[in-house]
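A quick write-up on the structure given underneath.
The values are calculated or read from the model by the stated rules, or taken from the named source; none is laboratory data. Quantities reported herein were computed from a predicted structural model and do not represent experimental measurements. In this analysis, Cβ positions are derived from the backbone assuming ideal geometry, glycine residues included, and neighbour counts consider all displayed protein chains.
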Amino acid sequence: MSTNLSQRELLRKKRLEQKRRKTTVGILVALGAVLLISLSIILPNLLRSRSRAVEGRGFTLGDPNAPVSVVNFSSYSCGFCEDFSETVEPEFIANYVDTGDVYYRYITLAFGSDAGTQNAVKASYCADDQNRFFDFKPYLFSAARIQNGFSTDNLVDLAANAGLEQAQFTACMGDNTHNSAPNEDLRFSQSVGVTGTPSFLVNNEQLVFSSELIPLVDSLLNR
């Protein structure tokens, strides 16, 4: 009799243990499913945020599917940048961008915490909201040469002189829509190794100076 009781007890314990294992497995499967669903929702947002931070913003011209991409890292306080903007860039756009060979992105950098330079970058984005950045850019280079040239009042006056819609520009300068842009662009420049301006990132691989830009682009286009 005692032997039969022992066997029944063993069977009962075995069934209980099997039930516990099944319950544990079920819980782990459910937790795994919840984790996968959570990751599918959260991870894309994290990747998009990281991509935005690493890639920066900037102002673009040309065909995004062009065989060559060029990112120009510039600064309004840089005399060589102004020279490139005035003397080389127009022909570069005409001969390479307008022809569909190059996708061109212009990023202006605010080094340090100088409020005026940060303001100038913000003004660039406010002009771009009206699709007028490249028209407004010469005014910003000129403003860099005068005292308080990047004050909000002076930038608003310059926008009016450049033919931008003044009320829209003033409202843009007063809100926080583009407040993060200067730091995003600066982080992007640092991530690709920019140490001076103007510098040019070609096909997201090679970082060169202005004297090297056109020969490199020509070689990539087999010209």
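Among N72, N95, which is the only one that is surrounded by fewer than 20 Cβ atoms within 10 Å (Cβ to Cβ) and among the polar types (S, T, N, Q)?
Exactly one residue qualifies, and that residue is N95.
Quick one: D129 ticks every box in (1) more than 15 Å from A181 (Cβ to Cβ); (2) surrounded by fewer than 20 Cβ atoms within 10 Å (Cβ to Cβ); (3) charged (D, E, K, R) except a single one, so which number is it?
The failed condition is (1).
Listed residues N131, N179, N148; which is closer than 22 Å to L61 by Cα and in a loop (DSSP other than H, G, I, E, B)?
N131
Looking only at segment 161-170, which residues are of a type in the set (G, A, S) and surrounded by 13 or more Cβ atoms within 10 Å (Cβ to Cβ)?
Hit for segment 161-170 is A162, nothing else.
State all residues of segment 152-176 that are of a type in the set (S, T, N, Q) and either at pLDDT 95 or above or not in a loop (DSSP other than H, G, I, E, B) (or both); if no residue qualifies, say none.
Those that are of a type in the set (S, T, N, Q) and either at pLDDT 95 or above or not in a loop (DSSP other than H, G, I, E, B) (or both): T152, N154, N161, Q166, Q168, T170.
Taking A94 as meeting all but one of (1) aliphatic (A, V, I, L, M); (2) in a helix (DSSP H, G or I); (3) within 24 Å of N183 (Cβ to Cβ), write down the number of the exception.
Among (1) aliphatic (A, V, I, L, M); (2) in a helix (DSSP H, G or I); (3) within 24 Å of N183 (Cβ to Cβ), A94 violates only (3).
What are the residues in segment 168-221 that are more than 30 Å from N154 (Cα to Cα), touching a Ser or Thr at 6+ places or on another chain (Cβ under 7 Å) and free of Cβ contacts under 8 Å to residues at least 60 places away in the same chain, if any?
Correct list: L207, F209.
Considering each residue of segment 187-208, count those that are out of contact with any Gly (no Cβ under 8 Å at 6 or more places or on another chain) and either of a type in the set (A, V, I, L, M, F, W, C) or surrounded by 18 or more Cβ atoms within 10 Å (Cβ to Cβ) (or both), and give that number.
Residues in segment 187-208 being out of contact with any Gly (no Cβ under 8 Å at 6 or more places or on another chain) and either of a type in the set (A, V, I, L, M, F, W, C) or surrounded by 18 or more Cβ atoms within 10 Å (Cβ to Cβ) (or both): 9 in total.
Assess whether I107 counts as being touching a Lys or Arg at 6+ places or on another chain (Cβ under 8 Å), modelled with pLDDT of 70 or more and surrounded by 10 or more Cβ atoms within 10 Å (Cβ to Cβ).
When the stated conditions are applied, I107 passes them.
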